[in-house]
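Colleague: Before I ask anything, let me first share the structure, which is written out below as structure tokens.
The values are calculated or read from the model by the stated rules, or taken from the named source; none is laboratory data. Nothing here was measured: the structure is a model prediction, and the numbers come from that model. Here the Cβ positions follow ideal geometry from the backbone for every residue, glycine too, while neighbour counts run over all protein chains shown.
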Ligand code: 13P
Ligand code: SF4
């Protein structure tokens, strides 16, 4: 594809979202990436939070954490470039150890993954022997290795229910845990905050942790009230990393891809997303007929680290290579494999 062709494609989708001069420059970078991608036999995976020009130009597959994990597991190319954050690239490496997995920006972390260590999990397992541990994929490989099974935002309820256990440890996102506990009818406790373990013969229990997503924790019920006052017909979608008060006040809660699909399949006069802001731009680019409200200034600083320039450099200089020690990888693999066996909950359909 020539720069002019790609510029025209991007312009058609993003003319109201990205300044023209930026689009032209980004089309040039994207064409270099697409050429190098072919030469190096690489697969580019792009999370739904990538900035709009990147999202709409270079990924072979876009999606949420679960869809991209599945894509990494079945990749046939030599290299996987992960346009997302470190825990996602690590997951790809755990699932596809024979591939070179590259993360274009060294610093692209996650406040949830930073919120718990393998030592914390080991201590919890000592405190609650025999209780199964579910870890959100937004964790380090070391934490996954200490876990029985992983989950993402799109299959968390199914994973917890698959365990058929009275008590479940669910780490590390406090709000996702609270949302899943509500959906699965569990009483939730936070042992680090000193709650005693309730009588599990009377009720099912979830043992949570206190990490939060630094983006989603910022949304409040007042945000929702204010928007509904101004736009009574708005449909509001929230990610389950938002507080249970926020998800209860929203019209729909789901993973990033579940939210996209909800919007693609419905015809509301306007939508508001309570999640990372680029996703609203990406949907507006693919579906100009949908009105996406943008009261939004919530950017994930980690996702935001991934640029087209970094992705080009990543392919040019083979950086930054993700490595997971084999002893940790095989244990983390078991937890991920168990999750993937539970089956897809959202069909794998990239945005055009
Ligand atoms: P999804 O799995 O829904 O894409 O979420 C990943 C994430 O990091 C949300 O903040
Ligand atoms: Fe982590 Fe939140 Fe960023 Fe998702 S949006 S990568 S959970 S910090």
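Colleague: All but one of (1) within 25 Å of residue 16 (Cβ to Cβ); (2) out of contact with any helix residue (DSSP H, G or I) (no Cβ under 9 Å at 6 or more places or on another chain); (3) not in a helix (DSSP H, G or I) hold for residue 227, so report the exception by its number.
Modeller: (3)
Colleague: Go through the stretch 41-66 and give me each residue that's part of a loop (DSSP other than H, G, I, E, B) and either within 11 Å of ligand 1 (Cβ to nearest atom) or out of contact with any helix residue (DSSP H, G or I) (no Cβ under 6 Å at 6 or more places or on another chain) (or both). Write out each step before concluding.
Modeller: Filtering the stretch 41-66 down to residues part of a loop (DSSP other than H, G, I, E, B) leaves 41, 48-51, 56-60, 64.
41, 48, 49, 50, 59, 60, 64 - these are the residues of the stretch 41-66 that are part of a loop (DSSP other than H, G, I, E, B) and either within 11 Å of ligand 1 (Cβ to nearest atom) or out of contact with any helix residue (DSSP H, G or I) (no Cβ under 6 Å at 6 or more places or on another chain) (or both).
Colleague: Looking only at the stretch 263-285, count every residue that is over 25 Å from residue 304 (Cβ atoms) and either within 16 Å of the chain's Cα centre (by Cα) or surrounded by 24 or more Cβ atoms within 10 Å (Cβ to Cβ) (or both) and tell me the total.
Modeller: 0
Colleague: Go through the stretch 82-98 and give me each residue that's within 15 Å of residue 44 (Cβ to Cβ) and away from ligand 1 (no atom under 11 Å from the Cβ).
Modeller: Answer for the stretch 82-98, where residues must be within 15 Å of residue 44 (Cβ to Cβ) and away from ligand 1 (no atom under 11 Å from the Cβ): 82, 83, 89, 92, 96.
Colleague: Taking the condition outside any loop (DSSP other than H, G, I, E, B) and either closer than 16 Å to residue 281 by Cβ or touching a strand residue (DSSP E or B) at 6+ places or on another chain (Cβ under 9 Å) (or both), does residue 23 pass?
Modeller: Considered against the rule, which asks whether it is outside any loop (DSSP other than H, G, I, E, B) and either closer than 16 Å to residue 281 by Cβ or touching a strand residue (DSSP E or B) at 6+ places or on another chain (Cβ under 9 Å) (or both), residue 23 comes out as yes.
Colleague: Is it true that residue 245 is within 16 Å of ligand 2 (Cβ to nearest atom) and either within 17 Å of residue 181 (Cα to Cα) or in contact (Cβ under 8 Å) with a residue 60 or more places away in the chain (or both)?
Modeller: no
Colleague: Kindly provide the set of residues from the stretch 282-308 that are in contact (Cβ under 8 Å) with a residue 40 or more places away in the chain and more than 16 Å from ligand 1 (Cβ to nearest atom), ordered by number.
Modeller: 284, 285, 286, 288, 293, 295, 307, 308
Colleague: Answer yes or no: is there a residue in the stretch 214-225 that is under 23 Å from residue 174 (Cβ atoms), in contact with a strand residue (DSSP E or B) (Cβ under 8 Å, 6 or more places away or on another chain), within 16 Å of ligand 2 (Cβ to nearest atom) and in contact (Cβ under 8 Å) with a residue 40 or more places away in the chain.
Modeller: Checking the stretch 214-225: at least one residue is under 23 Å from residue 174 (Cβ atoms), in contact with a strand residue (DSSP E or B) (Cβ under 8 Å, 6 or more places away or on another chain), within 16 Å of ligand 2 (Cβ to nearest atom) and in contact (Cβ under 8 Å) with a residue 40 or more places away in the chain.
Colleague: Does the stretch 13-29 include one or more residues that are under 16 Å from residue 315 (Cα atoms), modelled with pLDDT under 95 and either surrounded by 16 or more Cβ atoms within 10 Å (Cβ to Cβ) or under 23 Å from the mean Cα position of the chain (by Cα) (or both)?
Modeller: No, the stretch 13-29 contains no residue that is under 16 Å from residue 315 (Cα atoms), modelled with pLDDT under 95 and either surrounded by 16 or more Cβ atoms within 10 Å (Cβ to Cβ) or under 23 Å from the mean Cα position of the chain (by Cα) (or both).
Colleague: Can you list the strands (runs of 3 or more DSSP E) lying wholly within the stretch 86-163 that have 2 or more residues being within 15 Å of ligand 2 (Cβ to nearest atom) and surrounded by 17 or more Cβ atoms within 10 Å (Cβ to Cβ)? Reasoning before the result, please.
Modeller: Details: elements: 100-102, 133-136, 149-151.
Of the strands (runs of 3 or more DSSP E) lying wholly inside the stretch 86-163, those with at least 2 residues that are within 15 Å of ligand 2 (Cβ to nearest atom) and surrounded by 17 or more Cβ atoms within 10 Å (Cβ to Cβ) span 133-136, 149-151.
Colleague: Still on this structure, I have one more. Could you grab me the full set of residues in the stretch 70-85 that are surrounded by fewer than 24 Cβ atoms within 10 Å (Cβ to Cβ), touching a residue at least 40 places away in the same chain (Cβ under 8 Å) and either within 14 Å of ligand 2 (Cβ to nearest atom) or not in a strand (DSSP E or B) (or both)?
Modeller: 70, 71, 73
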